[in-house]
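The values are calculated or read from the model by the stated rules, or taken from the named source; none is laboratory data. Because the structure is a prediction, the values reported are computed rather than measured. FYI the Cβ positions are ideal-geometry reconstructions off the backbone, even for glycines, and counts take in every protein chain you see. Note: accessible area is taken over every heavy atom of the protein model, side chains too, but ligands, DNA and RNA are not part of it. Shrake-Rupley method; radii C 1.70, N 1.55, O 1.52, S 1.80 Å.
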Amino acid sequence: MSTVATDTPGPQTLMVRPEDCPDFAAGAAILGTGGGGDPHIGMLMAQAALDKHGPADLVKLEDVPDDAVVLPIAMMGAPTVMVEKLASAEQFVESIRSIAKYLGVEPTHIACMEAGGVNSMIPMAAAAELGLPLIDADGMGRAFPELQMVLATLCGVQAAPMSISDEKGNSIVLETVSNKWAERLARTATVEMGCSTIVSLYAMTGAQVKNAFVPGTLSLCRELGACISYSRHHAGSAKDAVISRLGAVQIAEGKISDVERRTTSGFARGRAELTTAEGTVEIEFQNENLLVRRGGDVVATTPDLIIGLDTDTGEAVTTEQLRFGTRISLIVSPADERWHSAGGLELAGPRYFGYDTDPVRPVEFRR
């Protein structure tokens, strides 16, 4: 069995096994930046598939052959709906086979579009169901709410043709003129299909994936989860271990004193108020945490990762888990630098989400 270079405790493996899933899910919740869907649900689906079919190979990005046929897979919709309307193994298989049949290809690898939340676990379940290796990388290095918000878009890769499958057995293949149109049409279809679907999109060669993906992010999920597991059983702070591993900084710590949340147009939108010793901090989210204000001043924004951690356990607190009285530590981790290019900010910077501000980064990242 191959090993992964890491200083963190836990299994050193390049395979995904059922017993690894809790660590993967705990780390995925952190990279989900508050969104990306409930990784616990995805963990249960991945464990069921891995128990049934055996471990899935986890292939380093640099080891993917240039001529590989790579089909990414993800869940699309509102995280609040995903918790109550579970996807089935048949949906994973149908989504991949539908797009492979349309393209006339035989897939060789499964890939992960976003390393955060449930969408880090869905590809593990799909890889096990289909008996295909999974690439240790993802399309953004975090989670974002819209499907054009991937580095593949910056690299000129088309999202469509893409497949959409629901739990009823319906399946659609979309051809679109742009990745933004793929988002608009797929979002409309997803709302009609019950606000939660499985999609396969951004079909790529191995060479394209090497250019467009962030390497090592699934292994990073496992490492972050292992940090939490280790700290739970030994003396030490899981929160500090996570901050250290991510190169993050803490910007606030306190108790949630108010939450406004609504599901509109297939998204979970809202704001939360955090009462701290230094005053009130506001967090705004659209599936993921997007912007933080302190005393009316913006102190952090997308595309950097704004993450809420349970102050005591170091575990991620997703936006749907925000409740009055929850004690969280708010940290910010630097995004892949490609997101801070002009094209990256146009795709996923604060102005895209309607905020009248340029990106605001902690001073530690301004180098």
For the stretch 322-367, accessible area per residue (1.4 Å probe, heavy atoms of protein chains only), Å²: 55
Charge dipole of the chain about the Cα centre (unit charges at C-beta), most positive-ward option of 195, 275, 45: 275
Added length on full extension, which subtracts the Cα-Cα distance from 0.36 nm per residue, residue 188 to residue 52: 45.6 nm
Relative contact order computed over the chain (Cα-Cα under 8 Å; 6+ residues apart), in percent: 20
With DNA, RNA and ligands ignored, accessible area of residue 245 (1.4 Å probe; Å², nearest 10): 100
Student exercise, the chain dipole from Lys, Arg, Asp, Glu Cβ charges, in Debye to nearest 20: 400
Backbone N within the stretch 304-327 under 12 Å of label point (7 Å from residue 250 Cα along the Cβ vector): 309-314
In range of the label at residue 101: residues from the stretch 171-213 whose backbone nitrogen is under 14 Å from the point 7 Å along Cα→Cβ: 171-174
C-alpha center-to-center spacing [the stretch 160-181, the stretch 189-226] in angstrom: 16
Eligible lysines near residue 168 by straight Cα distance, threshold 30 Å, same-chain separation 8 or greater: 52, 85, 101, 180
The stretch 235-365: C-alpha gyration tensor shape, a/c 1.5 cut-off, then a/b vs b/c: oblate
Whole-number accessible area per residue in Å² for the stretch 14-217, which is evaluated in the context of all protein chains at 1.4 Å: 33
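Expressed in nm to one decimal, what extension gain is obtained for the pair residue 312 and residue 63 from 0.36 nm per residue of sequence separation less their Cα-Cα distance?
Gain in length upon complete extension: 85.8 nm.
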Area of residue 263 that stays accessible when all protein chains are in place (1.4 Å probe, Å², to 10): 70
25 Å Cα-Cα reach of residue 239 towards lysines, excluding residues that sit fewer than 8 places from it in its own chain: 255
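How much FRET efficiency would the formula 1/(1 + (r/R0)^6) give for residue 257 and residue 363, where r is the Cβ-Cβ distance and R0 is 30 Å, rounded to 0.05? Intermediate values should be presented prior to the final figure.
On the way: r = 27 Å, r/R0 = 0.90.
It comes to 0.65.
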Dipole of the chain, positive end: most advanced residue of 306, 296, 88 [Cβ charges, Cα centre]: 296
Student exercise, the stretch 235-365 dipole from Lys, Arg, Asp, Glu Cβ charges, in Debye to nearest 20: 240
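Working with all protein chains in place, sort 67, 166, 38 by solvent-accessible area computed with a 1.4 Å probe, largest first.
So the residues, ranked largest to smallest area, are 67, 38, 166.
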Rounded to 10°, Cα long-axis angle of helix 89-103 versus longest principal axis of the chain: 60
Helix 39-53 vs. the chain, principal-axis angle (Cα, 0 to 90°, nearest 10): 30
Among 29-36, 234-241, the order from most to least packed when residues are scored by Cβ within 10 Å on average: 29-36, 234-241
Test item: Cα-centred dipole of the stretch 14-217, Lys/Arg +1 and Asp/Glu -1 on Cβ, debye: 420
Label corresponding to Rg and Dmax of the Cα atoms in Å when calculated from the structure given, among [x] 21.7, 79; [y] 19.0, 60; [z] 28.5, 96: [y]
Percent RCO, i.e. relative contact order, over the stretch 235-365, from Cα pairs under 8 Å lying at least 6 residues apart: 26
Local electrostatic count, residue 313, Cβ distance below 13 Å [Lys/Arg +1, Asp/Glu -1]: -1
Solvent-accessible area of residue 17 with every protein chain in place, 1.4 Å probe, in Å² to the nearest 10: 50
Formal net charge of residues neighbouring residue 21 (Cβ-Cβ distance under 14 Å; K, R +1; D, E -1): -2
Relative contact order (%) - the stretch 14-217, alpha-carbon pairs under 8 angstrom, separation at least six: 30
Euclidean distance between Cα centres, the stretch 296-367 to the stretch 58-112, Å: 27
222 nm mean residue ellipticity, helices alone, for the chain (DSSP H n ≥ 4; -39,500 (n - 2.57); rounded to 500): -9000 deg cm²/dmol
Candidates 164, 122, 243: whichever shows maximal mean-square fluctuation once the chain is modelled as a Gaussian network with Cα springs under 10 Å: 243
Rounded percent of accessible protein surface that carbon and sulfur make up, the chain, 1.4 Å probe: 50
